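First the structure, in the form of structure tokens, and then the observations on it.
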Amino acid sequence: VGSEKTWPKQPRFVAPLYHFVTYDPNETIFLKPACLFYFPQHVIKRNTNLINTLEREIKTCEMLSHHPHPNICGYKGIVVDEYDIITGLCFEKFVMGFDEFVAAGWSFDADPALQDIECGIDHLHSLDLVHCDIEPRNVFINIKKQRFVVGDFDSTHHIGDRLHLWRGTKG
């Protein structure tokens with residue numbers, strides 16, 4: 001299936017606000033494929049929550065790009081194909097998530113790690129945002145600096161918004 005049948009058209013009402021980037025896999029940028037890549041066109045047409053989730057994540061990331069923080073994963077922009085269809089979001093690249101870090105047996109000081117994560121969450125809250133999916137695989141680490149950052153914003157909502165589009169971790 002060609003990309004013109006699987007990717008949503010870039011939302012027109014926010015397109016002028018988007019940061020467009022050229023993805024180069026050799027750079028220190030992580031490409032998160034747009035979630036709709038995994039769904040056929042007929043599913044996307046029946047389930048607007050998929051498109052709304054992608055739009056919400058992009059809007060959140062664009063807002064965060066205007067309010068950067070050392071404990072929030074840096075957003076670089078979106079990637080579109082030749083049809084101006086969103087194919088992915090680009091972020092600052094980290095070697096691994098916190099879950100992989102712990103599973104690999106790396107040692108770390110828990111107090112500074114938790115402080116980093118808390119600072120990232122506090123920054124989101126200062127912007128009236130709630131992450132809604134804080135878990136080890138959504139926290140990333142710079143191993144050399146032992147700096148922990150919060151990432152993966154597809155479940156993030158504004159404080160007070162209904163969570164009818166919520167995709168976060170259960171529990």
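The values are calculated or read from the model by the stated rules, or taken from the named source; none is laboratory data. Predicted model, so just to flag it, every value in this text is computed and none were measured. Areas reflect the complete protein model, heavy atoms only, side chains present, ligands, DNA and RNA absent. Shrake-Rupley method; radii C 1.70, N 1.55, O 1.52, S 1.80 Å.
Worth a mention:
- Long-range amide H partners of MET96 with built H, under 5 Å: ILE141
- Accessible surface of the stretch 68-171, 1.4 Å probe, proportion on carbon and sulfur as whole %: 54
- Too-long pairs where the Cα-Cα distance tops 20 Å, listed order kept, from LYS32/LYS145; LYS32/LYS76; LYS32/LYS144: LYS32/LYS145; LYS32/LYS144
- Per-residue 3J(HN,Hα) values for the stretch 65-72, derived from phi via the Karplus relation 6.51 cos²θ - 1.76 cosθ + 1.60 with θ = phi - 60°, read 5, 8, 9, x, 8, x, 10, 10 Hz in sequence order (x marks Gly and Pro).
- Rolling a 1.4 Å probe over the heavy atoms of the protein chains gives the stretch 29-158 an accessible area of 49 Å² per residue.
- Spherically averaged projected area of the convex hull of Cα atoms, the stretch 29-158: 8.6 nm².
- Taking θ as phi - 60° and the Karplus parameters 6.51, -1.76 and 1.60, the scalar couplings of the stretch 115-122 work out to 5, 4, 5, 4, 4, x, 5, 4 Hz in sequence order, x denoting glycine and proline.
- A cut-off of 5 Å between modelled amide H atoms, ignoring neighbours fewer than 5 places along the same chain, links GLY88 with ALA34, VAL79.
- Remark: accessible surface ordering of TYR83, TYR75 (largest first) is TYR83, TYR75, probe radius 1.4 Å.
- The stretch 29-158 - percent relative contact order, Cα under 8 Å, separation 6 or more: 29
- Taking all protein chains together, VAL79, VAL150, VAL95, VAL130 sort by accessible area into VAL95, VAL130, VAL79, VAL150, largest first [probe 1.4 Å].
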